[in-house]
Structure formats: C-alpha cells, structure tokens
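Written below as structure tokens is the structure these notes are about.
The values are calculated or read from the model by the stated rules, or taken from the named source; none is laboratory data. Small disclaimer: the values here were computed from a predicted structure and weren't measured. Quick reminder, even Gly has a Cβ in these numbers, built from the backbone with ideal geometry, and neighbours come from all protein chains shown. All accessible areas refer to the heavy atoms of the entire protein, side chains included, with ligands and DNA or RNA removed. Shrake-Rupley method; radii C 1.70, N 1.55, O 1.52, S 1.80 Å.
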Amino acid sequence: MILKLLEIKEHIKSIYERFGIFINMFLKFIISLFVFYTINNKLGFSNITDNMIIIVGLSVISALTPNVVFLLLTVLVLLVNAYSLSILLAAVMAVLFLLIYLLFIRYNTGQAYIILAVPILYTINIPYVVPLLCGLFFGPVAAIANVIGILLYYFFSSIIAASEVSDGTSIANTVNFFNTIVDDLKDDKYMVVSMIIFSCVVLITYIIRKQKLKHASYIAILIGTLITIVTFLIASVTAERNVIGIVVGSLISALIACIAQFFRMSLDYAGTKNIQFEDDEYYYYVKAVPKLTIAEPEKQVKTIHAQKPTGNTTDISEILAKSISEDDFSE
C-alpha cells in the first residue's frame, strides 16, 4: 500500500515538474474563482462584482499575475461590497485592512494567505485544517494569523446580520448599523474561544512535530484534531453549534493535513542510523532518518534473436571468396 502511494506521489511530482507553470496557473484560477464567488455569494451587496463574467475575469487576472495581485483584488472586491452597503463601512474596512498590513502582514508576507484562508474555509466548514497546517509547516507566529482570520470571519458575519436590520443609508441607520456590529462582536464569546483553540492547536501541533519521535508529524495531526474536536464540542454546549459539522469538519481537516504532510515528506524509520563524528571543537551525535523513496525501474533489454537468412540474402563469406578469386585472376 505504501509503495503504491509512493508511486502515485512520484508520478504526480514528475507531472508537476513537467507542467508546473500551467498547473500553478490553473490552481490559482480555481482558488481565485472560489474565493471571489464565495465573497459575492455571502456578502452580495454589490451589483458590480455580483456577476459571473466579472468573477471569471478577476480569476483569470489572478491566475496570470503575481500572488500579490490576487490579494489586492480580494481586498478590492470586499471594499466594493462594503461600499454598496455603506460608505462609512468601506472606510472602516479599508482602515482595518491597512492596520493588519502595517502591524502584521508587512513583517510576515506569506501569512496573508492564512488570514484569507480562515474565513473562506469557514464557509465550507473546514477551517480546522488551517491551524493544523500552520503547526506543521509554519511556526507559533502563525497563531496570530489564525486569530486575525477568525476576527475577520465574525466581523463579516456581523455585517451580514446587521444589514438585515439596517441598510446604513441615513445617519440614524448608520449608527444603528455599527452598534449592531459592535454588540455582536463584543458579546460573541464563541469567537474568543475559537481564537484560543486555534492558537493552542497551532502551538501544540508545532511542539509535537518538532519532537524526536517516530511519525511525529502524524502524531501532531492526531493530537491537534482531538484537541479541536473535544474543545469545540465543550464550547458548543452553551453556544448551540452544529456538533456533527464540527466532528466531520475536523476529520476532513485531519485527512487533508495528512495528505499534505505525505507529499511534503515521508520518512523511512526502519533505516534510521545513529552517526557520531567530531571536529576540533565538538563531538557530534547525529540521528539520520532516510526519506521514503522508490527506486526507478531498471531498463530491461529484451533478447534480440538473429534473423535467419532468406533466399535473397547474400552470405558475406561468398562475397569475400568471390573478391579473392577475382584478384587472383587479375594477377
């Protein structure tokens, strides 16, 4: 079974090495399409961006340009939707995004995608994969990105809830609109609990993954998933959340994390070696664990049978004998 999975892995890697540019463009297009569609489907305040042609066009631009363009277009789509609801809301969101950039993303550029992934994956009930992957591939700092992502998700949820009460067109409606958003965020204890749980999962997964244990990464995924399920089930007792959705979403997230770890690195613990060596200052004890690989199949040369001479085939010995006789005759 493992060998078969390794063969599939190597086959996928070979395909990616050959067509990596086109695969990246296709994946960026699919991800962009999903993100823009989700934003317009959940918010949907603007008639400008709530158009499939516009969404596809923005996705094509994102696929053909650097990743930073995709982030800028995502922010632009969010601001356009907010502007259609309230000019003041768009201004507040612009300031919020600017603060997030100046205080965090500016120093951790790659983690902007973590912030974006959390609210987007909440819409399909698998946000629990984000802290697991952060613990495996990043470090404790990624917990901050998770917290910001959760804050944005609940902020947008409050905007949707407030839009049903007030449209924000007049001054009185605008005040009522923002009061509703602030009250929702202030009274939502489940949001704070989610931030704490996600941060703990990132830290615990990271700590276990760094331990000198066999299959440490998969153990980290298992423990991180158990912590996620247990803590969210306890928190859901008072918050009245979908218990089945939490369990199923956590298990799917764990499966995705295992697949990502398998493609990132697979180790052969049966071939572990303990090596000792020294230099002028230190004596080293090194534990070397080889990566799981499959040997390339050896080329087999089939036996080639000599072709039997036919009636039209001239024997080389006859040609030589005839040549010698002609030379003798000429002398």
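Among the residues of the range 69-89, which ones are modelled with pLDDT of 90 or more and either surrounded by fewer than 18 Cβ atoms within 10 Å (Cβ to Cβ) or among the aliphatic types (A, V, I, L, M) (or both)?
V69, L71, L72, L73, V75, L76, V77, L78, L79, V80
Given the residues I48, I21, which is the only one that is out of contact with any Phe, Trp or Tyr (no Cβ under 6 Å at 6 or more places or on another chain), open to solvent by 10 Å² or more (accessible area, probe 1.4 Å), of a type in the set (A, V, I, L, M) and free of Cβ contacts under 8 Å to residues at least 12 places away in the same chain?
When all the criteria are applied, what remains is I21.
State whether the residues of the range 2-14 include one that is under 20 Å from Y113 (Cβ atoms) and under 20 Å from the mean Cα position of the chain (by Cα). Spell out the reasoning first.
As a first pass, look at the range 2-14 and keep what is under 20 Å from Y113 (Cβ atoms): none.
No - not one qualifying residue is present in the range 2-14.
Determine if the range 178-186 includes at least one residue that is farther than 27 Å from L85 by Cβ and of a type in the set (V, I, T).
No, the conditions are met nowhere in the range 178-186.
Just for the range 170-220: of the residues that are small (G, A, S) and farther than 20 Å from F156 by Cα, which one is modelled with the lowest pLDDT?
My answer is S170.
Whether any residue in the range 32-39 is within 28 Å of V202 (Cβ to Cβ), among the β-branched types (V, I, T), outside any helix (DSSP H, G or I) and within 14 Å of the chain's Cα centre (by Cα) is what I want to check.
no
Would it be correct to say that I30 is modelled with pLDDT of 90 or more, among the β-branched types (V, I, T) and either surrounded by 11 or more Cβ atoms within 10 Å (Cβ to Cβ) or under 30 Å from I160 (Cβ atoms) (or both)?
Taking the combined requirement at face value, the residue satisfies it.
Output the number of the condition that L99 fails; it satisfies all remaining conditions of (1) surrounded by fewer than 21 Cβ atoms within 10 Å (Cβ to Cβ); (2) more than 28 Å from F263 (Cα to Cα); (3) in contact (Cβ under 8 Å) with a residue 12 or more places away in the chain.
(3)
Taking the conditions exactly as written (within 22 Å of the chain's Cα centre (by Cα) and open to solvent by less than 30 Å² (accessible area, probe 1.4 Å)), does I114 satisfy them or not? Break it down stepwise before answering.
Numbers: within 22 Å of the chain's Cα centre (by Cα): yes; open to solvent by less than 30 Å² (accessible area, probe 1.4 Å): yes.
Considered against the rule, which asks whether it is within 22 Å of the chain's Cα centre (by Cα) and open to solvent by less than 30 Å² (accessible area, probe 1.4 Å), I114 comes out as yes.
Looking at the range 238-250 only, could you name the residues that are at pLDDT 90 or above and open to solvent by 100 Å² or more (accessible area, probe 1.4 Å)? Before the answer, list the steps.
Here is the first cut: in the range 238-250, the residues at pLDDT 90 or above are 244-250.
Result: I244, single match.
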